[in-house]
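Just so it is clear, none of the values below were taken in a lab; they were calculated from the coordinates. In this text the structure is predicted, and so the values were computed from the model without any measurement. Here the Cβ is made from the backbone with ideal geometry for all residues, glycine too, and neighbour counts use every protein chain on show.
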Amino acid sequence: MSMKGTAARMGVMKRVSLVFKAKANKALDRMEDPRETLDYSYQRQLEMLTKVRRGVADVATSRKRLELQMNQLQQQTNKYDDQARKALGLGRDDLAREALTRKAGVQGQLNDMQTQYAQLQAEEEKLTVASQRLQAKVDAFRTRKETIKATYTAAEAQTRINEAFSGISEEMGDVGMAIQRAEDKTAQMQARAGAIDELMASGALDDGLGGRRDDIQSELDMLSANSDVESELNRLRGELSASAPKQLEGGNGGPNGSQTGQSQPGQAQPTQQYAPPPPQAPPYTPPVQDTSPTQYSQPQDSRPAGLPVSDVPQDGDGS
């Protein structure tokens, strides 16, 4: 039983670990920006190229230092050789032997340094070639990186534009909700303002600044407004009744004017109101320097209205 319980716990832990890794991978994938990843990779390659160049510089420095030491050893070898020649010329074989012994030791060091120098020179050449290849790869990666970044940015912008047009993006949703709220508040404020105006017009609400409103004065204002409307209506009626006789005179003066009062067979005879002819009025002379149009109202005849037009004596009639 203990083995089965341990196996079950291990299986649960593996599943929990797998689920956690899957969730973390999905979250990281959502947070990852390919442009930032490419920039980071390019930065790492630049750091690697810098290290390679620094290695080339270090190798070249070591080679140069070894070259200086080789020159010093070569000078010592030449010095010992000159000393041996002088000792032999003076008949001092022991001094010549000692100088040649020291020369042999320095020559051994010089040979070892020459071997190291050749190795350093070869290593420097390898590092230089590697640095050049790496530089070419970094340049190519930088070009490809910029191309990918530009393509990704264009695709992202196109996606945002399409989402904005389709109205499925979060930003456009927020804007639409804000507009809807503004419209609702505007309609509410307009309704409230209209209700307050109606209440103040009816006298249900008082103006706090102008004092309490008098109901009698309100009624008088309404009656005065109605009286003004009626006066304007009567004036318009008078103008229309004054213009009607002119139309009748124009109809009688035509070639068939004597038949205007007769109805054609098959046609319904319209009911006509009696309109008296206007009296003769002196010609109207407009005042000087007055550019406003002046309407001349003709006085109405005192004869009663309501008689048919056919009963009115016409011009040229014997009766």
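A few remarks follow.
- Cα-Cα P(r), segment 50-111, percent of pairs per 10 Å interval: 23, 32, 20, 14, 8, 3, 0
- Efficiency of FRET from Cβ geometry, Asp58 and Arg85, R₀ 45 Å, rounded to 0.05: 0.65
- Taking the number of Cβ atoms within 10 Å of each Cβ as an exposure proxy, the fewest-first ranking of Leu223, Leu127 is Leu223, Leu127.
- For Gln74 and Ala140, the FRET efficiency from 1/(1 + (r/R0)^6), where r spans their Cβ atoms and R0 equals 41 Å, is about 0.35.
- Extension gain, Gln190-Thr115: 0.36 nm per intervening residue step, less the Cα-Cα distance, totals 17.1 nm.
- Nearby lysines by direct alpha-carbon distance to Lys149 (threshold 19 angstrom, same-chain neighbours under 8 apart not counted): Lys137
- Taking a straight Cα-Cα cut-off under 16 Å and skipping sequence neighbours fewer than 8 places away in the same chain, the lysines within cross-link reach of Lys79 are Lys103.
- Sorted fewest first by neighbouring Cβ atoms within 10 angstrom, Arg9, Arg30 come out as Arg30, Arg9.
- Three principal axis lengths of segment 33-168 [C-alpha, angstrom, descending]: 110, 15, 15
- Each Lys or Arg adds one and each Asp or Glu subtracts one; over the other residues with Cβ under 11 Å from the Cβ of Arg63, this totals -3.
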